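Here is the structure we will look at.
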Amino acid sequence: MNAIRDLACQEIVELVTEFLEGTMDSPLRAAFEAHLARCDGCTEYLDQIEATIMVAGTIEPEALSPDFRARLLEAFRDFERP
Amino acid sequence: MLGGRARALSRAYRPATATPIPTDDDAELLRALRAGDEHAFAELVAKYGPSLLRLAQLFVSSRAVAEEVVAETWLAVFTGLERFEGRSSLKTWLFRILTNKAKTRGQRESRTVPFSALAADGDEGETAVDVDRFLGPDSRHPGGWAVPPRGVPEERLLAREVRERIETAIAALPPNQRAVITLRDVEGLSAEEACNVLGLSETNQRVLLHRARSKVRAAFERYLEETE
């Protein structure tokens with residue numbers, strides 16, 4: 001098996017997205033996980049990234065204006081179906 | 001760690017629309033829409049209209065033009081309804097139609113968002129975290145944390161101000177990073193769906209997502225520190 005040298009924290013923060021996307025090859029993934037297991041700073045970093053993703057998922061879009069909504073429904077009524 | 005707190009929360013709070021598989025609801029609504037049912041259309045507008053308008057606003061300069069793009073999108077949906085095969089989710093299909101229309105509009109407005117040109121966001125060579133946060137090459141642990149991040153107090157994650165701060169940070173991103181993080185993290189699309197909607201390669205999508213998430217995390221951390 002190809003052993004990968006120890007990763008530095010500065011490298012971990014650049015690999016976080018690849019890790020979360022599941023696109024790492026297994027030796028790199030093993031090195032990444034080994035680093036996390038012994039590094040509180042990087043564990044907190046990953047936690048902050050995941051918290052950011054979670055909060056982003058709660059951002060709701062603004063509602064449509066009643067006027068615009070009415071225009072869309074009107075367009076639907078006027079649409080000539082084949 | 002991997003099954004950490006935020007991760008558990010992220011599963012718990014993911015909006016229901018995040019699922020990539022077409023829901024039975026959508027299949028039902030589409031059937032009704034094909035039969036010309038206006039209520040089905042009203043329901044689809046309520047369900048996807050606000051997200052479509054938000055997405056359109058990433059490509060064009062005014063809300064009025066964004067509304068026109070959304071209206072054009074629905075027209076294209078009426079026309080192409082028979083051709084929708086359900087191979088992607090309805091949401092992804094709608095987003096792709098909208099993005100194509102919005103890009104055309106944006107080009108006419110000469111506000112082109114250069115999705116294919118990755119370098120165009122001017123962020124090449126930038127780092128996820130400020131280099132000053134790490135130990136230098138002469139230290140015992142080069143590249144280790146000099147100023148490590150601190151824990152996120154769980155109770156703060158659901159605060160409205162946190163959400164607003166993250167929303168502001170996303171709004172400040174370069175357009176292509178903003179589009180990718182909006183589709184992935186805000187709308188909950190998969191990587192494959194986001195690539196499909198934006199016409200990006202897998203690698204470009206991931207690089208843009210990485211830059212976007214890194215910056216938004218940094219803004220989140222600054223907020224946590226300011227308000228401690």
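Remarks
- Quotient of the Cα radius of gyration of the protein assembly as shown and 2.2 N^0.38 Å, N being its number of residues: 1.10.
- Each of residue B:225 and residue B:127 was given a label point 7 Å from its Cα along the Cα-to-Cβ line. The distance between the two points is 1.4 nm.
- Estimated D of the range A:30-82 in µm² per second, where Rh is the Kirkwood radius over Cα pairs and Stokes-Einstein applies at 10 °C, 1.306 mPa s: 102 µm²/s
- Sparsely packed trypsin sites (Lys or Arg not before Pro) within the range A:1-76, loop by DSSP, other Cβ within 10 Å at most 12: A:5
- Estimated FRET transfer efficiency (residue A:73, residue B:203; beta-carbon r; R0 35 Å; 0.05): 0.25
- Shown in residue order for the range B:132-146 are the 3J(HN,Hα) couplings computed by the Karplus curve 6.51 cos²θ - 1.76 cosθ + 1.60 at θ = phi - 60°: 5, 6, 10, 6, x, x, 8, 7, 6, 10, x, x, x, 5, 8 Hz (x for Gly and Pro).
- Reach of residue B:215 by Cα under 26 Å, taken over lysines that are not fewer than 8 positions away in the same chain: B:103
- Farthest toward positive dipole pole in chain A [+1 Lys/Arg, -1 Asp/Glu at C-beta], among A:36, A:72, A:54: A:72
- Rounded to the nearest 20 debye, the dipole magnitude of chain A is 260 debye, with +1 charges on Lys and Arg beta carbons, -1 on Asp and Glu beta carbons, and the Cα centre as origin.
- The dipole here belongs to the protein assembly as shown: it is taken about the Cα centre, uses +1 on the Cβ of Lys and Arg and -1 on the Cβ of Asp and Glu, and is about 400 debye.
- Note on the protein assembly as shown: dipole from Cβ charges, positive end direction compared against B:143, B:199, B:186; the farthest Cα belongs to B:199.
Rule-based calculations on the coordinates, nothing more; no lab input. Remember, it's a predicted structure, so these values are computed and weren't measured experimentally. Every residue, glycine as well, gets a Cβ built from its backbone with ideal geometry; the counts of neighbours run over all protein chains shown.
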